[in-house]
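See structure below.
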Amino acid sequence: MSYTLITGASMGIGEAFACELARRGCNLVLVARSESRLQELAEELREKRGVEVKVCIEDLCEPDSPARIAEFCRRSNLEVELLVNCAGLSRAGDFHTIAPEKLEEIMMVNMLAMARLTRLFLPAMIGRQKGGVINVASVGGLQGVPGLGLYSATKAFVITLSEALHVELKGKGVTVVAVCPGFIDTGFFEKAGHNAANIFLPISGTGVVVKAALKGLEKKRIRVFPTMLDYLLVFSQRFVSRQTVIRLAGFFAAVKDDE
């Protein structure tokens, strides 16, 4: 029996993926560190959609967590056909003000956990000649964002690794897609210390990201921009200098309150 494994499944985009994929009849492995919320969501999806839902409580800040997740699936004989890397962290503010331990956590979750999980599950997908990986990146990963410099750097890692894998896996039955949303209403801003009230651009719902990502996977696209605005913001970069692109990214992100 095949499963979709979703990290960061207890809230935001990860939760939205879980709800939509369960609606489509997919069996799920939900991964997050919030046990109560994850168990609640799993029970809700089992009752409402009649699908199998396994819960794996892990903190991706811990270096060994990807290996434990893979072992959980192996022990339970779960065939992961689709991996959705949604878990992510951020911290708003100038880079030099980020606490060293927070810096490590952000890089661990956004880059290393994503890369390790992908590496752990890809061989079996290739062996079956069937599978997919959806990596949730950001339009912020297409340039540095002042005030979100570390976050944008980690999302650049997600995008470039996904693009390379997309080409490496051509003809092997496995598709990797990078999803690059703009501002999404997930509760992420508050956790990152980012005042969403300052943001000038529209904030979209999580459903927009999920539907665009699944369509992109089906059509084997290398990158997905969930809204036309996301696409236009990236397309317009080619008409101005790189310094202007970065300044505008900082302006639109509006990380700092007006002083």
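The values are calculated or read from the model by the stated rules, or taken from the named source; none is laboratory data. Just so you know, these numbers come straight off a predicted model, no measurement behind them. Please note: Cβ atoms are built from the backbone with ideal geometry, for glycine as well, and neighbour counts cover all protein chains shown.
A search for C-beta distances below 6 Å between a residue of the stretch 166-194 that is more than 18 Å from Leu233 (Cβ to Cβ) and any residue that is part of a loop (DSSP other than H, G, I, E, B) and at pLDDT 95 or above, counting only pairs 6+ apart in sequence or on different chains, returns His166/Ile222; Gly173/Gln129; Gly173/Lys130; Thr175/Lys220; Val177/Arg221. Check whether at least one residue in the stretch 126-149 is β-branched (Val, Ile, Thr), touching a strand residue (DSSP E or B) at 6+ places or on another chain (Cβ under 9 Å), free of Cβ contacts under 8 Å to residues at least 60 places away in the same chain and surrounded by fewer than 24 Cβ atoms within 10 Å (Cβ to Cβ), and report yes or no. Looking for residues that are β-branched (Val, Ile, Thr), touching a strand residue (DSSP E or B) at 6+ places or on another chain (Cβ under 9 Å), free of Cβ contacts under 8 Å to residues at least 60 places away in the same chain and surrounded by fewer than 24 Cβ atoms within 10 Å (Cβ to Cβ), one finds at least one in the stretch 126-149, hence yes. Could you give every pair whose Cβ atoms fall below 8 Å, whose first residue belongs to the stretch 4-15 and is surrounded by fewer than 24 Cβ atoms within 10 Å (Cβ to Cβ), and whose second residue is of a type in the set (Asp, Glu), counting only separations of at least 6 or pairs across chains? If the second residue must be of a type in the set (Asp, Glu), the pairs left are Thr4/Glu81.
Restricting to the stretch 28-41, count the residues that are surrounded by fewer than 21 Cβ atoms within 10 Å (Cβ to Cβ) and either within 20 Å of the chain's Cα centre (by Cα) or among the polar types (S, T, N, Q) (or both).
Result for the stretch 28-41: 6.
Tell me which residues, restricted to the stretch 114-125, are more than 16 Å from Ile159 (Cβ to Cβ) and surrounded by 14 or more Cβ atoms within 10 Å (Cβ to Cβ).
Quick first cut of the stretch 114-125, residues more than 16 Å from Ile159 (Cβ to Cβ) only: 116-117, 119-125.
Hits for the stretch 114-125 are Arg116, Leu117, Leu120, Phe121, Leu122, Ala124, Met125.
Inside the stretch 86-106, residues that are part of a helix (DSSP H, G or I), among the hydrophobic types (A, V, I, L, M, F, W, C) and surrounded by fewer than 18 Cβ atoms within 10 Å (Cβ to Cβ) make up a count of 2.
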